[in-house]
1. Structure shown: which of Lys104/Lys567; Lys619/Lys667; Lys364/Lys619; Lys311/Lys619; Lys31/Lys110 lie over 30 Å apart, alpha-carbon to alpha-carbon?
2. Which entries in Lys96/Lys423; Lys510/Lys555; Lys375/Lys554; Lys378/Lys555 show an alpha-carbon gap greater than 22 Å?
3. Using all alpha carbons of the range 68-202, what is the percent of pairwise distances in each 5 Å bin, ordered from the shortest bin to the longest?
4. Leaving ligands, DNA and RNA out of it, work out the accessible area of Asp612 with a 1.4 Å probe and give it in Å² to the nearest 10.
5. Would you mind working out the accessible area per residue for the chain, using a 1.4 Å probe, and quoting it in Å²?
6. In whole Å and largest first, what semi-axes does the C-alpha gyration tensor of the range 477-520 yield when each eigenvalue is scaled by 5 and square-rooted?
7. In units of 2.2 N^0.38 Å, what is the alpha-carbon radius of gyration of the range 290-412?
8. With only alpha-carbon atoms counted, please give the Rg and Dmax of the range 74-117, in Å.
Amino acid sequence: MPLSTLNQEQRSAATAPLGHNLIIASAGTGKTSTIVGRIAYLLKNGTPPSKILLLTFTNKAAGEMLSRLERFVSREVVSQIESGTFHAVSYRWLKKINPNLTLKQPSELKTLFRSIYEKRRFDRMALDIQPFSATFLYELYSLYQNDSLKSFDEWFLERYPEHKPLIDAYINIMEDFEEEKLQYGFASFNDLLLHIKHYLQNNTILFDEVLVDEYQDTNTLQSALIDALKPRSLFCVGDYDQSIYAFNGAKIENIATFSNRYRDAQVFTLKTNYRSTAQILSLANRVIELNERIYPKHLEVGRVGNAIPPKLLVYNDLFEQHQSIAQQIKNTPRQPDKIAVIFRNNASADGIEASLREMGIACKRKGGTGFFDSKEIKFLLDFASLLVNPKDMMAFIHLFEYASSVGSALSKEIYQSMVHFGKGDLFEGILRPRIEELPKFHSKKSMQLGLFDDDEEIGSATRFASMHLPRHIYTHPLLKHPKLQNEAVRYFQLFFETIDTTLMMRSPRKILATLIDSPLYAYIVDMLSNQRSRLKNGEINEEKKEEATERIVKKARLLLQLSEHYKEIDRFVNAMVLGGGELTEGEGVNLLTVHASKGLEFDEVYVVDLVDGRFPNTKMMSSIEEERRLFYVAVTRAKDALYLSFARYDKAKKVDYKPSQFLIEAKMIPHDFV
């Protein structure tokens, strides 16, 4: 059984009586083994597997824990345990309640939000203040949902009282946003938790125990959802010293006030680190102990044997830092995928990445734009999503925004027109329109809220006569839309033909192969490769364009390979939407932001750009305590070798740098270092 593999402190936590248990699991102390041991203990003592809920922050983490459990318990039993991220679990429950619910990514919902925002004419309102942009307002609304149980106007005006004259307009935009999501069956990641929390007010989902991993990263909404579940027992595992997601709404207060909120709370501490050497742990302790101690603890060493002390690398110039570290990595005997370069800011990695590639060293970067966030992949998945669910207006909008002179607002009108032409059926409206007249787009009027209310005259298709369009396009009622221009009509023709070809297909691989080979996708590839190879003077660098095209095609082929594991297009789309963010590509040295490095470990770690202003980051930081926790997370990723580096000067910007205060706190340099 797993319990026999645990040390005394892990075993004490894993066998705690039912109740409210908090386990402080410091870096490298075996939290996964403890959680697995806890589940095995519950099963052994008669808890039905279906009455156990495991909540994690990645589906990969949940999968790893259950995979370990299968070494000791049958797969049939393990399969009955409810597990996954807060969002994945909530999504599964909600799909049983409402099968038509469609989960949308933040970028898609931002587009919907923007299409509503753009209808407001703030320039018609007498204002002494500049309104927030659509993107910033959307992000504020999302943060509010995670951060507060108050009303939006109360929460908002506490932070931005000077925007009180605009609060009614802002609230109206959000009300329309919520109405449209409801109309089309869309849900954001926040909505999944809000809907389940609302469901639990009148319904009960019984669990004997809820286990929560990375408890320090929970936000107000997630904490409220845990309480709404009302489990018989709660087993929360986390480390306040690794709470680094305040910018994303995480509340360190959730773990800090655990003992106050639950009267029967028991707190266990895992303090024996099996990952890092004594010297690395000593450095980490020296820095993190300067933060206020919420619960008393001190990392202890679980490893034995010889060790390399952490080393400080000081360079005269930033470029020299990049080249030297790349050269050191090239000369190391360790495998590239066992090495990580960790940085506080994305810009810090650019020089390292360029130097590594210049020396022919493979590397992969995480913390920037991921595979599933790239436009070429999102286009393919949006097209597939539309085939699965023709009511997915956001997928349609994203697809049509690629047409020249077509933004989110016009894309939305085109979608509404197609549904209108097809009497409620999108694809009928595209391929076989039954109504010839355009719908009315602007039904609302409110000068106070600055809404558009101008009716536009219907255009004539004859203005496109010189384009020599096929009859089925030239006679389509969409061409009456007054805002439509030649390039948009040509794009519609490509879209029409691709829909006509793929509509009856069901195989994900066949759909993607057809789409990738279509003139429509060739148009997208050409547009993106042009964007990525355009020089400052506006000219296209043909060599760069060829390289950009090659990378786009490579990514498309990878998605095609992923589709081979699925027989049904809807299952493929669901898997990509929910799990896409956790899939990675590439091989070689790991280039990671501190946030992206959390939960990982490497034989050799370089923490770079440790200079005042960059790490700690004076522009982005929420507090010096959180920056110190970020430093703690970065250095405790190292198992055997840790290198801390900085440069005194940047020749390109002509800027002098001072060493980070964390290097002083770590006693790597004296206070009067010059």
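1. Lys31/Lys110
2. Lys96/Lys423
3. That works out to 2, 8, 16, 18, 16, 12, 9, 6, 5, 3, 2, 1, 1, 0, in percent per bin.
4. 90 Å²
5. About 46 Å² of surface per residue is accessible.
6. 26, 11, 6
7. In units of the 2.2 N^0.38 Å rule of thumb, it is 1.70.
8. Expressed in Å, the Cα Rg and Dmax of the range 74-117 come to 15.6, 53.
The values are calculated or read from the model by the stated rules, or taken from the named source; none is laboratory data. For clarity, every value in this text was computed on a predicted model and none was experimentally measured. Heavy atoms of the whole protein, side chains included, go into the accessibility calculation; ligands, DNA and RNA do not. Shrake-Rupley method; radii C 1.70, N 1.55, O 1.52, S 1.80 Å.
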